[in-house]
Amino acid sequence: MKRSPIKKVIILVSILAIPGFLFFYLLPHFAKNRYKSLPIFGKKVVASTFHSVKGKKIPDTIYHKVPDFKLVNQHNDTVTWKSLQDKIVVLNLFYTGANNQKTNKYIKKLSDGYEQKPLVKFLSLSVDPLDKVRIKDFAQQFEAKAGKWDFLMGDTIQTYQLIRKGLLLDVVADETKEKTNFIFSNKIVLIDNLHRIRGIYEADDAGANAKLEDEIKVLIAEYLRNVKDGR
């Protein structure tokens, strides 16, 4: 008995629809692995606690975190991790007396691109304690948006410890000449919402800048995925 043309059409449509159905059904599962997780910088310690994955006990890992700080910005507001809660942070070092402000010009461009994205914040940390009286005018030169890009300052007892031990960067105040010269790592640090360093980039390298821009997006995707999964 021959099948009617209508039945043949229905069968054909059904066969063709299956791959599309499977694609949309499986897409969320594949999307979870779309981005490769970024590395976590600094020392790692295996904890005495465990978590379970498919019934298997996996030791927890304690990662290096940037410690809390209490610094003042260009608006004379106190900035701490609490005021940056659940934010992704892009941070660089500077001082107002430097002849080359190329890095801050790049941060200006980058921060303007994230003006409407409150999840990402930008911090520029001064290595010169005398910048306290210059920081407001300096930030105005770059038209730094309030709440988006903070220029931070503090005494060197706190900031240098934060830079060396927390941010894993170098800083030295060379006072051998009449005018103090500051030697520091000209790098940009990408920090996640858990205060872990996820990337360190050479500020004056175009390839590193492109990588930073890509990895900010990866970190945003990771954060949103974790929120969705309740982590």
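The values are calculated or read from the model by the stated rules, or taken from the named source; none is laboratory data. Predicted, not measured: the structure shown is a model, and the values here were computed from it. Virtual Cβ from ideal backbone geometry, glycine too; neighbours counted across all protein chains shown. The accessibility values were calculated without ligands, DNA or RNA, using every heavy atom of the protein model including side chains. Shrake-Rupley method; radii C 1.70, N 1.55, O 1.52, S 1.80 Å.
Here are the numbers for this structure:
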| item | result |
| --- | --- |
| Per-region count, segment 147-167, residues touching a Ser or Thr at 6+ places or on another chain (Cβ under 9 Å) and either among the aromatic types (Phe, Trp, Tyr) or open to solvent by 40 Å² or more (accessible area, probe 1.4 Å) (or both) | 2 |
| Any hit, segment 194-213, residues being small (Gly, Ala, Ser), over 22 Å from Gly113 (Cα atoms) and either open to solvent by 60 Å² or more (accessible area, probe 1.4 Å) or not in a loop (DSSP other than H, G, I, E, B) (or both) | no |
| Among (1) touching a strand residue (DSSP E or B) at 6+ places or on another chain (Cβ under 9 Å); (2) closer than 23 Å to Tyr201 by Cβ - the single one Ser52 does not satisfy | (2) |
| Candidate set: segment 50-78, residues that are open to solvent by 70 Å² or more (accessible area, probe 1.4 Å) and of a type in the set (Ser, Thr, Tyr); chosen: the one farthest from Asn226 (Cα to Cα) | Thr78 |
| Residue selected from segment 99-117 under the condition open to solvent by less than 10 Å² (accessible area, probe 1.4 Å) and free of Cβ contacts under 8 Å to residues at least 40 places away in the same chain, by the criterion nearest to Leu162 (Cα to Cα) | Asn104 |
| Residues of segment 173-192 satisfying the condition of being open to solvent by 50 Å² or more (accessible area, probe 1.4 Å), within 25 Å of the chain's Cα centre (by Cα) and of a type in the set (Val, Ile, Thr) | Ile183 |
| Close pairs (8 angstrom Cβ cut-off, 6 or more residues apart or separate chains): touching a residue at least 24 places away in the same chain (Cβ under 8 Å) in segment 122-147, part of a loop (DSSP other than H, G, I, E, B) and among the charged types (D, E, K, R) anywhere | Phe122/Lys148; Pro129/Asp155; Lys145/Glu115 |
| Single unsatisfied condition, Lys217 versus (1) closer than 14 Å to Phe41 by Cβ; (2) under 11 Å from the mean Cα position of the chain (by Cα) | (1) |
| Residue in segment 106-123 that is of a type in the set (D, E, K, R) and either within 20 Å of Leu38 (Cβ to Cβ) or part of a strand (DSSP E or B) (or both) present | yes |
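Residue-by-condition table, conditions (1) at pLDDT below 95; (2) farther than 28 Å from Phe151 by Cβ; (3) open to solvent by 100 Å² or more (accessible area, probe 1.4 Å):
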site: Val9; (1), (2), (3): yes, yes, no
site: Phe21; (1), (2), (3): yes, yes, yes
site: Phe24; (1), (2), (3): yes, yes, yes
site: Leu27; (1), (2), (3): yes, yes, no
site: Lys87; (1), (2), (3): no, no, no
site: Gly97; (1), (2), (3): yes, no, no
